[in-house]
Amino acid sequence: MSRWETGSNIPDLSVLIELADFYRVDIREILDGERKNSNMDKELKDTLNKVADYSREDKKRMGRRMSVIFLLGIIGNLFALIVEFGDLPKTGFLESAAGFGAGVGFGMLIIGFLMASGIIDKTLGKLKRRILGKKD
């Protein structure tokens, strides 16, 4: 059974809109699985297009955030490597800053990985459902 049929996931709204246009059916027919009328309501289509545009913009924002997180992780780790293996004097401040940079860098890379893999979204979704008292 697909994830859509089991209710664990639904296709992106832009995909649903394209399917509705391709098959010339109402978007509600796709969602409900029942045939209703021959023309898609223009207002509904416009609304769903706006929602799909918002979804695309949200994905772009998330991509930019991911880039910043990974960049900070790389910078932190590079700073730690430069202090550790470079010709810089080994002062307590630089060693502390290098340790901090390595910790931040490693943390950012882990957070970036968890966000990119969707683990954080799934975990937060389960937590939200648990708080709201809904079953998985």
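The values are calculated or read from the model by the stated rules, or taken from the named source; none is laboratory data. On a predicted model such as this, the values are computed, not experimentally measured, just so you know. Using ideal geometry, Cβ is built from the backbone for each residue, glycine included, and neighbour counts are taken over all protein chains shown.
Structural remarks
- Subset of the stretch 7-18 (residues that are at pLDDT 65 or above and over 15 Å from Glu29 (Cα atoms)): Asn9, Asp12, Ser14
- Within the stretch 110-136, the set of residues being out of contact with any Phe, Trp or Tyr (no Cβ under 6 Å at 6 or more places or on another chain) and in contact (Cβ under 8 Å) with a residue 40 or more places away in the chain comprises Ile111, Met115, Ala116.
- Residue count for the stretch 96-113 under the criterion of being surrounded by 15 or more Cβ atoms within 10 Å (Cβ to Cβ) and over 10 Å from Phe79 (Cβ atoms): the result is 5.
- Residue in the stretch 71-81 that is exposed (fewer than 14 other Cβ atoms within 10 Å of the Cβ) and outside any helix (DSSP H, G or I) present: no
- Verdict on Gly118 being loosely packed, with under 11 Cβ neighbours inside 10 Å and within 12 Å of the chain's Cα centre (by Cα): yes
- Among the residues listed as Glu84, Glu57, Glu18, the single one being surrounded by 14 or more Cβ atoms within 10 Å (Cβ to Cβ), out of contact with any Phe, Trp or Tyr (no Cβ under 8 Å at 6 or more places or on another chain), free of Cβ contacts under 8 Å to residues at least 24 places away in the same chain and in a helix (DSSP H, G or I): Glu84
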